[in-house]
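Accompanying notes for the structure given below.
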Amino acid sequence: MSENESGKSSQFSVRHSLPSDAAQLNHLYAQTQLYSDTLQLPLPTLARWEERLADTSPSLFSYVACDGDRIVGQITLRIEPNLRRRHVASFGMGVDASYHGQGVGSLLLKTITDLCDNWINVRRIELTVFVDNQAALALYQKFGFEIEGTSPCFAVRDGKLVDAHHMGRVTTGAV
């Protein structure tokens with residue numbers, strides 16, 4: 001159990017992703033809303049998730065949010081490999097559509113922002129988000145991310161080109 005913003009216990013927990021999570025993550029990202037709102041493709045393969053979870057790079061952090069034994073959200077944080085950008089990370093995340101609005105996304109974002117701010121000396125976190133994903137935009141802004149620019153025709157979604165915002169969150173401190 002973890003605490004939500006009001007200090008009350010949440011029904012969700014967060015832990016590192018495990019290779020044995022591949023089937024549940026494959027099922028999670030097969031949801032139409034998840035692959036439509038991210039850069040994932042429809043009908044993900046189990047082998048692709050097994051491959052992703054086998055990556056033990058020290059610059060990659062993958063967490064899952066769980067409701068009991070059920071995975072209801074996932075986030076991956078990647079630290080930039082370029083020596084001059086090692087203070088920068090980017091992430092991608094997804095939350096089970098039936099758990100939207102219940103604090104899962106906030107719990108996952110809190111996990112990575114705490115890691116970046118207090119443990120791995122990341123001072124800039126970047127992301128892209130489709131301009132029409134209002135729930136995600138509100139969540140990111142709640143965590144201090146600001147829109148830094150917009151790319152027209154950023155990606156194809158359901159046969160149409162869609163725009164995306166580039167967002168960033170910068171904290172001060174030693175590097």
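For the reader, a short list of remarks on this structure follows.
- Scan the range 26-65 for residues that are hydroxyl-bearing (S, T, Y) and more than 14 Å from the chain's Cα centre (by Cα) and the total you get is 6.
- Elements of type strands (runs of 3 or more DSSP E) contained in the range 1-104, each with 1 or more residues being open to solvent by 70 Å² or more (accessible area, probe 1.4 Å): 12-16, 70-79
- Residue match in the range 119-133 (condition: within 15 Å of the chain's Cα centre (by Cα), in a helix (DSSP H, G or I) and either closer than 22 Å to L60 by Cα or among the polar types (S, T, N, Q) (or both)): no
- Taking the criterion of being open to solvent by less than 40 Å² (accessible area, probe 1.4 Å) and farther than 14 Å from D37 by Cα, the residues of the range 151-175 that qualify are S151, M167, G168, R169, T171.
- Given (1) β-branched (V, I, T); (2) within 23 Å of L53 (Cβ to Cβ); (3) open to solvent by 30 Å² or more (accessible area, probe 1.4 Å), number of the condition V122 does not satisfy: (3)
- Residue match in the range 136-150 (condition: part of a strand (DSSP E or B), among the aliphatic types (A, V, I, L, M) and open to solvent by less than 40 Å² (accessible area, probe 1.4 Å)): no
Here is a yes/no grid of residues against (1) in contact (Cβ under 8 Å) with a residue 60 or more places away in the chain; (2) among the polar types (S, T, N, Q):
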{"site": "R70", "(1), (2)": "no, no"}
{"site": "H87", "(1), (2)": "yes, no"}
{"site": "M93", "(1), (2)": "no, no"}
{"site": "C116", "(1), (2)": "no, no"}
{"site": "N121", "(1), (2)": "no, yes"}
{"site": "L127", "(1), (2)": "no, no"}
{"site": "F130", "(1), (2)": "yes, no"}
{"site": "L137", "(1), (2)": "no, no"}
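The values are calculated or read from the model by the stated rules, or taken from the named source; none is laboratory data. Please read all numbers here as calculations on a predicted model, not as lab measurements. All Cβ positions, glycine included, derive from the backbone under ideal geometry; neighbour counts span all protein chains shown. Areas reflect the complete protein model, heavy atoms only, side chains present, ligands, DNA and RNA absent. Shrake-Rupley method; radii C 1.70, N 1.55, O 1.52, S 1.80 Å.
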